[in-house]
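Computed from the coordinates by the stated procedures, all read-outs in this text should not be read as laboratory data. The structure presented is a predicted model; accordingly, all values stated were derived computationally and were not measured. So basically every Cβ, Gly included, is an ideal-geometry build from the backbone, and we count neighbours across all protein chains shown.
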Amino acid sequence: MLLNDDFLLTSEWGRRLYHGYAEDIPIIDYHCHLVPREIYQNKGYEYFRRVLCQVVGEWVDQGRLPEDEEYLGSIIRDICYNNARDQLGLLRE
């Protein structure tokens, strides 16, 4: 249970990226660092998505990444899901 919908998301960009791109996608780790059952259950990785979005949002605020929401969303989706999906040859439902 989280304290609120924006738990760990202290920047506006972090909130926008999490709620717009990462909130509902699974985490897949094709390097086998995660337990397969936990991947299937999408267990406990919400914190990873939140922290990732917050870090990317901070980089935008610092000028290290452009203020391009579509580009940033693709980075989030690639890290969380697309890279592993492509490596494993999975199809998204």
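Assorted remarks:
- Taking other Cβ atoms within 10 Å as a rough exposure proxy, TYR18, TYR81, TYR71 sort from fewest to most as TYR71, TYR81, TYR18.
- Taking each residue as 0.36 nm, the span from GLU67 to GLU12 lengthens on full extension beyond its C-alpha to C-alpha distance by 18.6 nm.
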